[in-house]
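Notes to accompany the following structure.
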Amino acid sequence: MRGHDRRLILDIYIDSADGVTLEQCASIARALNAASATDQFLGSVYTLDVSSPGVDRPLAYDWQYKKHIGRTMRIVCNDGTTVIGRLDFTDTDSITLRPKQSPGKKKPDQQETVTIPFSAIATATVEISFS
């Protein structure tokens, strides 16, 4: 929620393992708009925005990682370290990344991977690539 008392804006983000369609966003927006006639809080909202989280939003749930296998991720761990690499695998407890090669460094072994438990992840975002 953002804005101020007379112009409250409520942002609702929806997601699923299969992604989100425009029709799903519209359907939820219509249902919430209909509920605003009888719900005091929803009735006070000036603008209601329903959308998918977008690629720039941090992942919030373990199940979101599976749909990003093969993409480059930026993982910031609880201890402050950052790992950037291609997401190769995810299971119920952890993710496995193939770290990105740093410029000027010797090319890592092609089999080198890093496994990070979900409990050690502070934030995880998909790196946007334009190549």
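For S44, work out the one condition from (1) at pLDDT below 90; (2) more than 24 Å from A124 (Cβ to Cβ); (3) within 21 Å of the chain's Cα centre (by Cα); (4) of a type in the set (G, A, S) it doesn't fulfil.
Here S44 meets the rest and fails (3).
Does V83 count as surrounded by 14 or more Cβ atoms within 10 Å (Cβ to Cβ), outside any loop (DSSP other than H, G, I, E, B) and at pLDDT below 90?
Taking the combined requirement at face value, the residue does not satisfy it.
What are the residue pairs meeting all of these: first residue in the range 1-21, first residue surrounded by 10 or more Cβ atoms within 10 Å (Cβ to Cβ), second residue outside any loop (DSSP other than H, G, I, E, B) and among the charged types (D, E, K, R), Cβ atoms under 6 Å, and 6 or more apart or on different chains?
Here the result reads I9/R2; D11/D49, each pair linking the range 1-21 to a residue that is outside any loop (DSSP other than H, G, I, E, B) and among the charged types (D, E, K, R).
Taking the range 1-50 as the search range and keeping residues that are aromatic (F, W, Y) and not in a helix (DSSP H, G or I), which one is nearest to I69 (Cα to Cα)?
Y13
The values are calculated or read from the model by the stated rules, or taken from the named source; none is laboratory data. A quick note: this is a predicted structure, and the numbers were derived from the prediction, not measured. With ideal geometry, Cβ positions are generated from the backbone for all residues, glycine too; neighbour counts draw on all protein chains shown.
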